[in-house]
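All remarks here apply to the structure that follows.
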Amino acid sequence: MRILVVEDNDTTSQYLQKALQEQGYEVDLADNGQDGLFLALEHDYQLILLDRMLPKLDGLSVLSTLRNAGKQTPVLILSALDSVAERVKGLREGGDDYLVKPFALSELLIRIEILIKRKGNSSELSNKLQVADLQMDLLAHKVYRGLIEIQLQPKEFKLLRYLMEHAGQVISRSLLFEAVWDYHFDPQTNVIDVHVARLRKKVELDGHAPLLETVRGVGYRMVEKQ
């Protein structure tokens with residue numbers, strides 16, 4: 001498996017290269033954003049470790065260009081910028097994970113393993129999501145429960161997609177407001193509860209197990225396994 005490390009600090013990049021090679025990975029290095037972007041576009045990597053602050057082209061610009069070019073290679077952002085706002089910004093630009101420097105090598109390695117495994121499991125179904133017998137076709141914009149097609153409004157589709165992408169996790173109302181309605185504050189309305197109630201009526205058909213759970217006082221969870 002081949003990994004690209006885009007890091008301008010020579011000590012850090014050499015340390016990462018050695019550690020990853022010891023785990024059996026092939027490793028390419030780039031010490032600036034322009035070279036990193038070129039390599040990422042030219043080759044198929046299993047993962048990219050991307051420093052946030054880079055010369056010539058910063059990490060988020062590299063990431064944005066990759067995603068706009070259709071490259072869905074998993075990207076783990078490495079950064080000394082540890083604020084919530086910076087982490088959210090990195091993930092919004094298309095990062096798959098964000099690890100704050102300094103980090104433990106053991107944590108980095110397990111995050112890499114998880115991202116590569118997740119990509120491998122979803123490569124053939126990158127345009128489809130599935131939780132239990134609920135399926136979502138992202139290209140056709142269609143949803144099925146078993147063989148039954150479910151008609152959804154645009155916001156319902158977006159809400160369901162987010163819940164399916166984070167199946168098994170408890171998603172707070174605040175996070176749903178950001179992800180689905182693009183509000184960065186809680187408008188103190190019951191709009192989410194109303195949409196979830198409508199969604200639940202549409203996807204939880206007779207004869208099929210419940211999929212949406214309300215976690216009182218916190219938010220909602222899509223049941224991952226039945």
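The values are calculated or read from the model by the stated rules, or taken from the named source; none is laboratory data. These numbers were taken from a predicted model, which means no experiment stands behind them. Note that each Cβ is placed from the backbone with ideal geometry, even for glycine, and that neighbours are counted across all protein chains shown. The area values use the complete protein model at the heavy-atom level, side chains included, leaving out ligands, DNA and RNA. Shrake-Rupley method; radii C 1.70, N 1.55, O 1.52, S 1.80 Å.
Roll a 1.4 Å probe over the protein chains and send me the accessible area per residue for segment 177-219 in Å². Numbers along the way, then the final one.
Values: 2710 Å² over 43 residues.
The answer is 63 Å² per residue.
Summing +1 for each Lys or Arg and -1 for each Asp or Glu, what net charge is found among the other residues whose Cβ lies under 13 Å from the Cβ of SER79? Don't skip to the end; give the middle numbers.
Numbers: positive: ARG52, ARG87, LYS89, LYS101; negative: GLU7, ASP8, ASP51, ASP58, ASP82, GLU86, GLU93, ASP97.
Net charge around SER79: -4.
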| field | Sparsely packed chymotrypsin sites (Phe, Trp or Tyr not before Pro) within segment 88-157, loop by DSSP, other Cβ within 10 Å at most 13 | value | PHE103
| note | Two pseudo-spin positions, 7 Å from Cα along C-beta at LEU212 and at LEU175, lie apart in nanometres by 1.7
| request: Express the accessible area of segment 2-120 per residue in Å², computed with a 1.4 Å probe while the remaining protein chains stay in the model. | output: 50
| message | Using only the alpha-carbon atoms, how far is helix 33-42 inclined from the longest principal axis of the chain? Give it as 0 to 90 degrees, nearest 10. | response | 70
| Unit charges on C-beta of K, R, D, E only; dipole of segment 128-222, Debye | 80
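Specify, per residue and in Å³, the volume enclosed by the convex hull of the alpha carbon atoms belonging to segment 2-120. Display every interim value, and only then the final one.
Working: hull volume 11.0 nm³, N = 119.
In segment 2-120, the Cα convex hull volume per residue is 93 Å³.
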| task | Take GLN23, project a point 7 Å from its Cα along the Cβ direction, then tell me which residues of segment 94-117 have their backbone nitrogen under 18 Å from it. | result | 96-117
| query | What Kirkwood radius, in Å to one decimal, follows from the Cα pairs of segment 128-222? | reply | 13.6
| task | Give me the percent of the accessible area of the chain that comes from carbon and sulfur atoms, probe 1.4 Å, all protein chains in place. | result | 49
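Kirkwood hydrodynamic radius for the chain: how many Å is it when counted over pairs of different Cα atoms?
On the way: mean 1/r = 0.0517 Å⁻¹.
With all distinct Cα pairs of the chain included, I get 19.3 Å.
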| message | Just to check I understand the Karplus step: with θ = phi - 60° and J = 6.51 cos²θ - 1.76 cosθ + 1.60, what whole-Hz values come out for segment 215-220, glycine and proline as x? | response | 9, 3, x, 10, x, 9
| note | Measuring from the longest principal axis of the C-alpha atoms of the chain, the long axis of helix 59-68 (C-alpha) lies at a number of degrees, nearest 10, equal to 50
| query | Under unit Cβ charges (Lys, Arg +1; Asp, Glu -1), what dipole magnitude, rounded to 20 debye, does the chain have relative to its Cα centre? | reply | 960
| said: Which residue fluctuates most in the GNM of the chain (Cα springs below 10 Å): ASP35, ASP82, ASP182? | reply: ASP182
| note | Pseudo-spin-label distance LYS155 to ASP133, built 7 Å along Cα→Cβ, given in nm, is 3.0
| request: Place +1 on the Cβ of every Lys and Arg and -1 on the Cβ of every Asp and Glu in segment 2-120, take the dipole about the Cα centre, and give the residue among ASN68, GLN21, GLN34 whose Cα lies farthest towards its positive end. | output: ASN68
